[in-house]
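Everything on this sheet refers to the single structure shown next.
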Amino acid sequence: MSPREQTGLVENLKELIIGTLRLEDVGPEDIVASEPLFGEGLGLDSIDALELVVAIEREYQVEIPDAEVGRRAFASINALAEFVLEKGAGQQASDAVG
Amino acid sequence: MRFKDKIVLITGGIRGIGAALSKSFLQEGAHVVVTYSQDQDQARRFQKELGPGGSNTTVHQADASDFDAMKALFDNTLEKFGRLDILVNNAGIRRDNLVMFMSESEWHDVLRVNLQGTFVCCKLALKPMIGQRWGRMINIVSPSGITGRQGQANYAAAKGGVTSFTKSLAREVAKIGITVNAVSPGVIETDMTRSLPEQTLAELKQAIPMGHFGRPEDVSGAVLFLASEGAYYITGQVVSVDGGLT
């Protein structure tokens, strides 16, 4: 995947998080791709994670079967992009956008 | 028509309270997916009773506590309708005995169907309901689970467990537009209560301030209310439908 395509996926994930969680006053530029999504960083909580899991699974046809996989996938936007790419469907989604 | 085109899944929905619930949701415009565990003759009778309304009903044989079987049913329902709006966990069994004489299987069977079955179905309903940001889960519990009852330690433990499970899950999903409540029917005239000893029934009747047993339809009123739009601000609660018993 080219850097441009990866950037496209990262931006899509930011938009998905903002839209799914209806984050007011947060723009894609406010989310640092390397920072934690939960606790510190963006400050999401475990209930937000439920909605994100469902949204990511639907959008990218990946499965997040348990909390441990979820913790790794949701460590940061970069981690999430890697997870989506690793599972394959992210490549297609990114291509469609890019 | 409060439930027009809503998709409702009811476990243990072909007899007693479950059958009354199925009929009530159908009358209000819902499509009802019903499970039963064993009695195919009763399933046929139930479908016959529905008459033309039966076209909006899907009846499946499935053990509510069997994760794989229920997952197949949920997947099938979501494929067919694209959504699941309301889940009623009604499937339940009793294996009454005094604790000293209670076998391990009497204990495990009751916990499995009543408690694990509720966990399995709620878990499977979560993803579709979270995706919709709307859902209603209603678990059928029992006064035994609140006050305890001799000879029903297994059933009371299971229903008490479902009550606290209900309250916990309600907190987990409250922000997402999903409510989780319990309805606790008192003594309702069904096959399950008719199997109680006559003396127990007489004692129970005496303990009910209204002086008579309830009908399955009485339970439907509470369940349909909790499933309706109007009940959106009620979650984690137990509504007793028991003529004042508890």
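So is residue B:199 modelled with pLDDT of 95 or more, more than 14 Å from every other protein chain (Cβ to nearest Cβ), farther than 25 Å from residue B:7 by Cβ and over 18 Å from the mean Cα position of the chain (by Cα) or not? No.
Every test in (1) under 21 Å from residue B:17 (Cβ atoms); (2) within 14 Å of another protein chain (Cβ to nearest Cβ); (3) part of a helix (DSSP H, G or I) is passed by residue B:192 save one, and that test is (2).
Might you check whether a residue that is surrounded by 20 or more Cβ atoms within 10 Å (Cβ to Cβ) and either more than 14 Å from chain A (Cβ to nearest Cβ) or not aromatic (Phe, Trp, Tyr) (or both) occurs anywhere in the stretch B:77-84? Yes, the stretch B:77-84 has at least one match. Here residue B:41 fulfils each of the conditions (1) within 24 Å of residue B:78 (Cα to Cα); (2) among the charged types (D, E, K, R); (3) without any contact (Cβ under 8 Å) to a residue 12 or more places away in the chain apart from (1).
Inspect the stretch B:70-80 for any residue being touching a Phe, Trp or Tyr at 6+ places or on another chain (Cβ under 9 Å) and at negative phi and give the result as yes or no. No, the conditions are met nowhere in the stretch B:70-80. Every listed requirement among (1) under 16 Å from residue B:227 (Cα atoms); (2) within 14 Å of chain A (Cβ to nearest Cβ) is met by residue B:123 save one, (1). On the given criteria, is residue B:37 out of contact with any His (no Cβ under 8 Å at 6 or more places or on another chain) and modelled with pLDDT of 95 or more? No; evaluated as a whole, the condition is false for this residue. Of the conditions (1) part of a loop (DSSP other than H, G, I, E, B); (2) buried (at least 18 other Cβ atoms within 10 Å of the Cβ), residue B:239 fails just one. Which one is it? Result: residue B:239 passes all but (1). If only residues of the stretch B:168-191 that are under 22 Å from residue B:241 (Cβ atoms) and surrounded by fewer than 20 Cβ atoms within 10 Å (Cβ to Cβ) are counted, the one that is modelled with the highest pLDDT is B:170. How many residues does the stretch A:8-25 contain that are more than 11 Å from the chain's Cα centre (by Cα), surrounded by 15 or more Cβ atoms within 10 Å (Cβ to Cβ) and more than 14 Å from every other protein chain (Cβ to nearest Cβ)? Total meeting the criteria: 1.
Can you name the residue in the stretch B:128-144 that is farther than 13 Å from residue B:86 by Cα and in contact with a helix residue (DSSP H, G or I) (Cβ under 8 Å, 6 or more places away or on another chain) and is also surrounded by the fewest Cβ atoms within 10 Å (Cβ to Cβ) among such residues?
B:131
Here the condition is being exposed (fewer than 13 other Cβ atoms within 10 Å of the Cβ) and free of Cβ contacts under 8 Å to residues at least 40 places away in the same chain; of A:67, A:55, it holds for A:67 alone.
The values are calculated or read from the model by the stated rules, or taken from the named source; none is laboratory data. This structure is a prediction, so every number in the text was calculated from the model and none was measured. Every residue, glycine as well, gets a Cβ built from its backbone with ideal geometry; the counts of neighbours run over all protein chains shown.
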